[in-house]
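Since the structure comes first, as structure tokens, the remarks are kept for the end.
The numbers here are math on the coordinates, done by the rules we state, and not lab data. Values in this document were obtained by computation on a predicted structure and should not be read as measured data. Using ideal geometry, Cβ is built from the backbone for each residue, glycine included, and neighbour counts are taken over all protein chains shown.
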Amino acid sequence: MTTWHERAAALQADGRAFIGGERVWAKSEQQFDNLSPVDGRKLGMVARCDGADVDIAVAAARAAFEDRRWAGKSPAQRKRVLIKFADLMQKYGQELALLETLDMGKPIKYSQTVDVGGAANCIRWYGEAIDKIYDEIAPTPSNSLALITREPVGVVAAIVPWNYPMLMASWKIAPALAAGNSVVLKPSEKSPLTALRLAEIALEAGVPPGVFNVLPGFGHEAGAALALHMDVDCIGFTGSTRVGKQIMQMAGQSNLKRAWTELGGKSANIVCADCPDLDAAVEAAIGSIFFNQGESCNAPSRLFVEASIKDRFIEKALALVPNYAPGDPLDDSTIMGAIVDATQLKTVMGYIESGHADGARLLAGGKQVRTETGGYYVEPTLFDQVDSNMKIAREEIFGPVLSVLSFTDVQDAVRQANDTPYGLHAAVWTADLSKAIQTSRALRAGTVHVNQYDGDDITVPFGGYKQSGNGRDKSLHAFDKYTELKTTWIQVG
Ligand code: NAD
């Protein structure tokens, strides 16, 4: 049987853009190196698209939208194509998983299940949904008939990050395509390969040329040109809060395109002394912060443990930490892989240093490891005696670093948990139903978990309060972002 390493060695990554149904290099012929965080090896060259390529891709998307080659198909026809798209993603699942792991460093085990599995499920779910949604008739006087219908917004630009490249792309493109829009997707410069392959697979499934275009490139070039473009109707952005603010400014500065943002987080995980299952709480706290190398927007990076059970909790947590020692991402048994690149590695190590400098107590990890591989690996890291003013408790680290804080009563926990500009996820662990409900109501976050942390699927909205963004991915609510509501008032008789 061929091993993942043999397949990786044989891989020919294609970094050309995908515009109007074809693979093309950037007009400028500029390219950039695509390095793997697994071992630092060069996977290939990628097209460095800029404003000129954005103009071409947006024009292709606009032409496809105007001649209704996709928007004009019935919902049932679009459904069939999207379901085939999802089936093909699963057919090419191993190739997609390998690209994802080599490009961003996550364990191959999860690339296959969470990333390929989740992305294909997302495309299928929106395909299946689109011919089951009815429009409305308003309760107007009898001499009129007022229809409230949904229409695609037109050309959607999707700009996505590197932490779940295929999944984040699918959360945007699936509802946008299902609703009949044309899409220009800009993946992160750190992980462009699966998005480019998705466009080829979509074409093979029957998505017409021009309807789904992918432009690799840098944020300040291709990304900014999309956000400023006068012929882009809507932008679906997932990324940092810093860039999210710029996206909203660029939307305002240009054509007031609808700008939906899904941004960073600093999620609080509150464990009360009456937690019904302490072992489950410990496992969730540790498993969720170290999953995906801590590079998850909703990672519970602030752990609040009630003072009376803190020592016991930490003892149990420390017993689990070694299970998350980073390993070879191409080994099927690895559950923690490589940090995406040298820049992010430096950021994470900088936060670990700041934890030391601010007086937090390091309980585990804290070091870069596996340097002999040429890749970027950081130990699972735990800091105790963190207070809410420390940098590691306030800023999104986006790496495998957990800060442990404590509280005296649940009101104190909620106050500390809400004391952040972010509001993505939060959790509370308690056996007291009223306390669980009151606390989940008081937490300012888009998702609140009760007595678990990993409950999530495509049926529920995902997004944040406050500076974690203004949009919601997933569920039927995502259609709100990619459709316009039209009123048609008809005089009767
Ligand atoms: P980032 O903001 O640096 O980049 C995101 C995307 O924006 C990339 O494609 C990048 O090229 C592009 N970009 C950068 N500068 C730009 C500019 N000036 N104009 C237009 N586009 C620009 O974020 P990242 O480092 O790729 O991703 C990590 C961030 O994403 C974290 O903050 C994380 O919390 C967040 N995230 C949020 C969610 C969510 O659903 N809320 C999900 C995943 C990741």
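In the set (1) within 10 Å of the ligand (Cβ to nearest atom); (2) under 25 Å from V24 (Cα atoms), V211 fails one condition alone, (1).
So that you can scan it fast, the table gives a plain yes or no per residue for (1) among the charged types (D, E, K, R); (2) under 28 Å from K106 (Cα atoms); (3) in contact (Cβ under 8 Å) with a residue 60 or more places away in the chain:
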residue: E395; (1), (2), (3): yes, yes, yes
residue: A417; (1), (2), (3): no, no, yes
residue: A427; (1), (2), (3): no, yes, yes
residue: A445; (1), (2), (3): no, yes, yes
residue: G463; (1), (2), (3): no, yes, yes
residue: D473; (1), (2), (3): yes, yes, yes
residue: A478; (1), (2), (3): no, yes, yes
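For D50, the test of being within 20 Å of G219 (Cα to Cα) and surrounded by fewer than 22 Cβ atoms within 10 Å (Cβ to Cβ) is passed. When region 158-167 is filtered for residues that are surrounded by 24 or more Cβ atoms within 10 Å (Cβ to Cβ) and more than 13 Å from I123 (Cβ to Cβ), the ones remaining, listed by number, are A158, I159, V160, P161, N163, Y164, P165.
Just one of the listed residues (A426, A445, A478, A417) is within 16 Å of the ligand (Cβ to nearest atom), crowded, with 18+ Cβ neighbours inside 10 Å and assigned to a helix (DSSP H, G or I), namely A478. Restricted to strands (runs of 3 or more DSSP E) entirely inside region 198-294, those with at least 2 residues that are within 24 Å of V448 (Cα to Cα) are 234-238, 258-262, 268-271. Take the residues in region 274-289 that are among the hydrophobic types (A, V, I, L, M, F, W, C) and more than 16 Å from the ligand (Cβ to nearest atom); name whichever of them is surrounded by the fewest Cβ atoms within 10 Å (Cβ to Cβ). If we take residues in region 274-289 being among the hydrophobic types (A, V, I, L, M, F, W, C) and more than 16 Å from the ligand (Cβ to nearest atom), then A280 is surrounded by the fewest Cβ atoms within 10 Å (Cβ to Cβ). Taking the numbered list (1) over 25 Å from A176 (Cα atoms); (2) part of a helix (DSSP H, G or I) in turn, G44 passes all entries but (2). For region 299-314, the set of residues classified as surrounded by fewer than 24 Cβ atoms within 10 Å (Cβ to Cβ) and either within 14 Å of the ligand (Cβ to nearest atom) or not in a helix (DSSP H, G or I) (or both) consists of E306 only.
Hey, L88 hits all of (1) surrounded by 23 or more Cβ atoms within 10 Å (Cβ to Cβ); (2) within 30 Å of A338 (Cβ to Cβ); (3) of a type outside the set (G, A, S) but one; which does it fall short on? Looking at each condition in turn, L88 falls short on (1).
Looking only at residues that are surrounded by 15 or more Cβ atoms within 10 Å (Cβ to Cβ) and of a type outside the set (V, I, T) in region 340-353, which one is farthest from D311 (Cα to Cα)? For region 340-353, the residue satisfying everything is D341. Taken over region 346-360, residues that are part of a helix (DSSP H, G or I) and either touching a residue at least 40 places away in the same chain (Cβ under 8 Å) or over 24 Å from the mean Cα position of the chain (by Cα) (or both) amount to 9.
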